[in-house]
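Heads up, the thing below is written out as structure tokens.
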Amino acid sequence: MDGNGRWAKKRALPRAVGHQRGVEAVRRLVRALEPTGLECLTLYAFSSENWKRPDEEVDDLMNLMRRFIRSDLPEFVANKVKLKIIGDWQSLAPDIVAMLEDALAQTANGNQTLAVALNYGAQHEIARAAAKAAASGAVSIETIAAHLDTADLPPLDLLIRTSGEIRLSNFLLWQAAYAEMIFVDTLWPDFEPAHLMQALDDFARRERRYGGR
Ligand code: FPP
């Protein structure tokens, strides 16, 4: 969800406002999820490297998370949106962990998954999964995949990065092995459901060969 800072800077607004508008973009997308038929939408909300940001910005992001869960959870339940969290989220502030656990329980019967990556880094995720696979005595593609945070999610088909950045920044590195990628210049706060529909249209026209011919 890249570009919140630049969105704010362009308007001479504090970065926090960019993040607030970023949350509104999340809300619009979640509300538009049903007719897309998507099984899962995963959002990169906070990386394990984001702790390097100034304390004030980290606090702003954590508070936005608290407010978002509090305000939007009833809508998730009503719309059958199932929340999933990936990353090392158990080490976040205890009140956030408790809120998330409650949100996971309340949305467990949902049909479409909104996965949120929190305190997430793909290299950490792969290392953790490989260690678990090794402890089970069998290291293979299948056993590592079975221990990834995404083990119960469908395969990653499409990865969209906003704001003109063309790199993966430690997001879903394993899962992206055969994902289609779309890079758009749109800054995250300006990302509308129509941008998602356009990306899904582009995706539908891609020919996927998985190394075959
Ligand atoms: C990247 O923009 C965005 C983030 C690091 C934070 C995204 C988090 C939220 C929108 C808040 C909470 C999320 C949910 C799911 C409620 P940037 O700050 O790196 O922007 P820049 O690249 O323009 O500086």
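The values are calculated or read from the model by the stated rules, or taken from the named source; none is laboratory data. It should be emphasised that the depicted structure is a prediction, and the values quoted were computed from it without experimental measurement. When we count neighbours, we look across all protein chains shown, and the Cβ atoms used for this are built from the backbone with ideal geometry, even at glycine.
For region 122-130, check the following and say yes or no: at least one residue is surrounded by 13 or more Cβ atoms within 10 Å (Cβ to Cβ) and either in contact with a strand residue (DSSP E or B) (Cβ under 7 Å, 6 or more places away or on another chain) or closer than 25 Å to ARG6 by Cα (or both). There is at least one residue in region 122-130 that is surrounded by 13 or more Cβ atoms within 10 Å (Cβ to Cβ) and either in contact with a strand residue (DSSP E or B) (Cβ under 7 Å, 6 or more places away or on another chain) or closer than 25 Å to ARG6 by Cα (or both). The residue that is farthest from PHE171 (Cα to Cα), among those in region 41-65 that are near the ligand (Cβ under 7 Å from one of its atoms) and not polar (S, T, N, Q), is LEU64. Yes or no: region 86-101 includes at least one residue that is in contact (Cβ under 8 Å) with a residue 60 or more places away in the chain, more than 20 Å from THR36 (Cα to Cα) and within 14 Å of the ligand (Cβ to nearest atom). Scanning region 86-101, I find at least one residue that is in contact (Cβ under 8 Å) with a residue 60 or more places away in the chain, more than 20 Å from THR36 (Cα to Cα) and within 14 Å of the ligand (Cβ to nearest atom), so the answer is yes. When each of ARG11, ARG31 is tested for being loosely packed, with under 15 Cβ neighbours inside 10 Å, under 22 Å from GLN106 (Cα atoms) and at pLDDT 95 or above, the lone residue that passes is ARG31. Contact map, region 48-65: residues that are in contact (Cβ under 8 Å) with a residue 60 or more places away in the chain and surrounded by 15 or more Cβ atoms within 10 Å (Cβ to Cβ) paired with residues that are of a type outside the set (Lys, Arg) and assigned to a loop (DSSP other than H, G, I, E, B), Cβ distance under 9 Å, separation 6+ or inter-chain. Pairs shown: SER48/GLY87; SER48/ASP88; SER48/GLY121; SER48/ASN170.
Please give the number of the condition GLY22 fails out of (1) more than 9 Å from the ligand (Cβ to nearest atom); (2) surrounded by 14 or more Cβ atoms within 10 Å (Cβ to Cβ). Only one criterion in (1) more than 9 Å from the ligand (Cβ to nearest atom); (2) surrounded by 14 or more Cβ atoms within 10 Å (Cβ to Cβ) is unmet by GLY22, namely (1).
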